[in-house]
């Protein structure tokens, strides 16, 4: 091997600190996403969050390709093993373990904050709030009809055409469909709280609108 080729081999370096730091930043971003701490409400259904997710995934792919390329070239050069090769994969594995261990958002853990929020609302009368955040939960709207006592917390992450879900605070009785065309399913969480999902049958809603002469509102 001539001196030029020898110097070229010596200049080959394993994946370094920049790659390791970039991997760490991407893993932290992914962990925050798994815990529902996004820059904007709506998780990946929001365009900003989706753009950030796409950028993180693309960056992970680029980092992986760069790591593979540098590692293969370094190992083929015949130089002694370097622990720098293992740092980026170790960070990824550690991040995956944390994502599995760290619990995601839970209503049970956040219920005291839900109770505190309900305490700030009027005891009776209509409620209609938009874009409400409670702990790690984002709500498209929080509503109560004038003649009802149940308060609907519509999860911003699950609104999809005629489908919504979330939680209901109903202190007087189990929640009931508020209009024809609603397919309401709920599960008691103890006390006045219920987990619910609801599908709208727009054909029945349209028929009821013509029969009553009014436009039913969504919860």
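The values are calculated or read from the model by the stated rules, or taken from the named source; none is laboratory data. What you see is a predicted model; the values in this text were computed from it and never measured. When we count neighbours, we look across all protein chains shown, and the Cβ atoms used for this are built from the backbone with ideal geometry, even at glycine.
I'm told residue 116 meets every condition in (1) at pLDDT 90 or above; (2) outside the structural domain of residue 133 (by TED's automatic domain parsing); (3) farther than 27 Å from residue 21 by Cβ except one. Can you identify the failing condition by its number?
(2)
Residue under question is residue 70, and the condition is that it be crowded, with 16+ Cβ neighbours inside 10 Å and either touching a residue at least 12 places away in the same chain (Cβ under 8 Å) or part of a helix (DSSP H, G or I) (or both); does it hold?
Taking the combined requirement at face value, the residue satisfies it.
Quick one: count up the residues across segment 83-121 that are assigned to a loop (DSSP other than H, G, I, E, B) and either touching a residue at least 12 places away in the same chain (Cβ under 8 Å) or closer than 19 Å to residue 154 by Cβ (or both).
Result for segment 83-121: 6.
Failed condition for residue 78, given (1) at positive phi; (2) outside the structural domain of residue 23 (by TED's automatic domain parsing); (3) in a loop (DSSP other than H, G, I, E, B), with all others met?
It fails just one condition, (2).
With respect to the numbered conditions (1) surrounded by 13 or more Cβ atoms within 10 Å (Cβ to Cβ); (2) under 29 Å from the mean Cα position of the chain (by Cα); (3) within 25 Å of residue 26 (Cβ to Cβ); (4) modelled with pLDDT under 90, which one is the sole condition not fulfilled by residue 92?
The one condition residue 92 does not meet is (4).
Just checking: which of the strands (runs of 3 or more DSSP E) contained wholly in segment 143-190 hold 1 or more residues that are under 25 Å from residue 120 (Cα atoms) and in contact with a helix residue (DSSP H, G or I) (Cβ under 6 Å, 6 or more places away or on another chain)?
Answer list for segment 143-190: 163-169.
When you scan segment 178-186, do you find a residue that is closer than 17 Å to residue 128 by Cα, at pLDDT 90 or above and surrounded by 15 or more Cβ atoms within 10 Å (Cβ to Cβ), even just one?
The answer is no; no qualifying residue exists.
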